[in-house]
Amino acid sequence: MKRTDVIVVGAGPTGLLLAGELALRDVRVTVLERLVEPDPTIKAGSINVASAEILDRRGLLPAAEEAQARLIAAARAFAGDSSTRTVRELLDAARQKSRRFLVAGHFAGILFRNDLVDQTDPVLAAHTAVANGIGVPQYDLELLLAEHCTRLGVEIRRGVEVHGVRGTTESLLDDADVVVETDAGDFPAGWVVAADGGRSVIRKQLGIDFVGTDPELVGYQAVADFEDTSGLRRGWTWTPRGLYAYGPIPGRIFLVRFGTPPEDRDLPVSLEELQDAVRDVTGVPVTCAGVRGRATRFTDNTRQARTYRHGRVLLAGDAAHVHSPLGGQGLNLGLGDAANLGWKLAATVNGWAPEGLLDTYQAERHPIAAWVLDWTRAQVALMRGDERTARLRKIIEDELFTVPGAMNRMVALSSGIEQHYDVADDAAAPVGSLTGDVELASEGRLADHAHDGRFVLVDRSPDGRFAHAVRHLEHQVTYVADPAEDTSSPSLLVRPDGVVIWATTQEDESPDGNAHKRLDAAIPRWIGTR
């Protein structure tokens, strides 16, 4: 097989986004996927704000907005809304409200309430531009990312079963190519990224420890044809046996049942198993006449790889961490991995990466995943059906979540916008944070200048004083002159993954301001010198 720079194993959202990020920076990428077609099985129903902003920076937000409008139309039909508005009309109406932070999601089934969110909160206000692109189901997301990859020239090989990587440990740690063994032959590459799911063949073969906690629940998700659903409540409902949600589209059921998972979790979910679980958890004697597509089974098995890198093989997405799917955090966590790793691996392949740049992938993403794992464990603990846990849920919902600012904090955390990295010494906000939505005085937004995956320097000085610092780095940095009368708007240097690595401050306007010194320190640390 023809050699490529990077092989990505797995064409899920993580693998496809990563492949696109690499291709943007002129890296030759091949994606190997065992499934012949994208999996239509119902999975995550939306993405969070941080993930939608990734799409925004790559010019993919309009496609996500279209998907959200279709989902809204289906949900309204399920709720009995007789409106005849088209998807386009729904989207246009939503855009008129897009300057508000979209409050969506839940914590252990406790829905986030819009009326308890302070929309004037500056943290939320900085992340409003993507409100109409959050409700994109995972299947639609995979389709739009696959189209994005195809436009960039990524080769996606479907129906290829990967068996592992060939070579001794030593050969994987030196400059030799990695050979991926498949049922279609051998694929040589300079680097391999395993995005092949929680049961990653490559992670297991390399013996990377996958440590964590065993499952205590079994969950199911499906779109089914039920006979007489009058007894099923819409929305989230706790019962002594677990938790379920019916809707927001016809036939969609999501349920959690506490207990031991089946011995063979690879067996397909039968109609009888699904019906038994629905009846047990809901207490409603519904009859399941059929399943559209394929029902899925999941647990709260919660584990994380000790290391995300073994020589020239890296882990991303579920191959690096697994947990319960509550809140769709796994999808978003994987997309964050891909955005963080993509530009760093591209810089390494292309030979301009500063020393140690690739090591920052684990240093930055491993703690984020560990936090998410604990976030999901806490939700599982709060979902138990006993009376004491029910009282605790009520206290949290009625007393804690109603405290001013509490709902804002929970919404910000679940939305992924509170992620922070240690990217500079003595850094003050917003350095280390996700940039969010930055309006430009000249025209447009910062995201409009990030479509090609380069760093973006927004120079708001009146005389373009920071241009010289990146003049020799045109291939890596997009320079945007945006002189602003409002000195409270800082100049910014933003990484390809949306993280601010340098910003001016009010003190920089004084004669002894040290903005140039800090910029000169940020450039070699993250971009290099050529």
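List of remarks:
- Test result for Ser461, touching a residue at least 12 places away in the same chain (Cβ under 8 Å) and either over 29 Å from Asp337 (Cβ atoms) or among the hydrophobic types (A, V, I, L, M, F, W, C) (or both): yes
- Contact annotation: residue pairs with Cβ atoms under 7 Å, 6 or more positions apart or on different chains, pairing a residue in the range 331-343 that is acidic (Asp, Glu) with a partner that is at pLDDT 95 or above, are Asp337/Thr14; Asp337/Ala316; Asp337/Gly317; Asp337/Ala320; Asp337/Arg365.
- Summed over the range 392-422, the residues that are open to solvent by 70 Å² or more (accessible area, probe 1.4 Å) and part of a loop (DSSP other than H, G, I, E, B) give a count of 4.
- Residue that is farthest from the chain's Cα centre (by Cα) [pool: residues in the range 294-343 that are of a type in the set (D, E, K, R) and in a loop (DSSP other than H, G, I, E, B)]: Arg312
- Elements of type strands (runs of 3 or more DSSP E) in the range 174-276, at least 1 residues being surrounded by fewer than 18 Cβ atoms within 10 Å (Cβ to Cβ) and in contact with a Gly (Cβ under 8 Å, 6 or more places away or on another chain): 178-182, 217-227, 235-239
- Per-region count, the range 1-43, residues within 26 Å of Ala69 (Cα to Cα), among the aliphatic types (A, V, I, L, M) and open to solvent by 20 Å² or more (accessible area, probe 1.4 Å): 1
- Look at the range 104-121: where a residue is more than 12 Å from Phe401 (Cα to Cα) and a partner is of a type in the set (D, E, K, R) and open to solvent by 60 Å² or more (accessible area, probe 1.4 Å), sitting 6+ places away or on another chain with Cβ atoms under 7 Å, you get Gln119/Arg100.
- Residue satisfying all of: in the range 296-315; of a type in the set (Lys, Arg) and farther than 12 Å from Gly219 by Cα; surrounded by the most Cβ atoms within 10 Å (Cβ to Cβ) among these: Arg312
- Among the residues of the range 325-373, those identified as of a type in the set (Asp, Glu) and under 18 Å from Thr307 (Cα atoms) are Asp337, Asp359, Glu364.
- Condition check for Ala378: surrounded by fewer than 20 Cβ atoms within 10 Å (Cβ to Cβ) and either under 18 Å from Thr128 (Cα atoms) or touching a residue at least 40 places away in the same chain (Cβ under 8 Å) (or both): yes
- The numbered conditions (1) open to solvent by 50 Å² or more (accessible area, probe 1.4 Å); (2) at pLDDT 90 or above; (3) under 29 Å from Ala146 (Cα atoms) are all true for Arg88 except (2).
- Given (1) over 26 Å from Thr229 (Cβ atoms); (2) at pLDDT 65 or above, number of the condition Ala75 does not satisfy: (1)
- Taking every residue in the range 191-208 that is under 12 Å from Gly164 (Cα atoms) and pairing it with any residue that is among the hydroxyl-bearing types (Ser, Thr, Tyr), at least 6 positions away or on another chain, the pairs with Cβ-Cβ distances below 7 Å are Ala194/Ser200.
- Pairs meeting the criteria (first residue in the range 351-374 and touching a residue at least 12 places away in the same chain (Cβ under 8 Å), second residue in a helix (DSSP H, G or I) and open to solvent by 30 Å² or more (accessible area, probe 1.4 Å), beta carbons under 9 Å, at least 6 apart or on different chains) are Pro354/Pro524; Pro354/Arg525; Leu357/Thr348; Leu357/Arg525; Leu358/Thr348.
- Here Asp318 clears all of (1) open to solvent by 10 Å² or more (accessible area, probe 1.4 Å); (2) at pLDDT below 95 except the condition numbered (2).
- All of (1) at pLDDT 95 or above; (2) among the charged types (D, E, K, R); (3) closer than 21 Å to Lys344 by Cβ hold for Glu474 with one exception: (1).
- The single condition among (1) hydrophobic (A, V, I, L, M, F, W, C); (2) closer than 30 Å to Ile527 by Cα; (3) in contact with a Gly (Cβ under 9 Å, 6 or more places away or on another chain) that Leu413 does not satisfy is (3).
- Hits in the range 1-48 (condition: part of a loop (DSSP other than H, G, I, E, B), among the hydrophobic types (A, V, I, L, M, F, W, C) and within 30 Å of Gln476 (Cβ to Cβ)): Ala11, Val27, Ile47
The values are calculated or read from the model by the stated rules, or taken from the named source; none is laboratory data. Quick caveat: nothing in here was measured; it's all calculated off a predicted structure. Methodologically, a virtual Cβ is constructed for each residue, glycine included, from the backbone with ideal geometry; neighbour enumeration extends over all protein chains shown. Ligands, DNA and RNA are stripped out before the accessible areas are found, and what is left, the full protein with its side chains, is counted by its heavy atoms. Shrake-Rupley method; radii C 1.70, N 1.55, O 1.52, S 1.80 Å.
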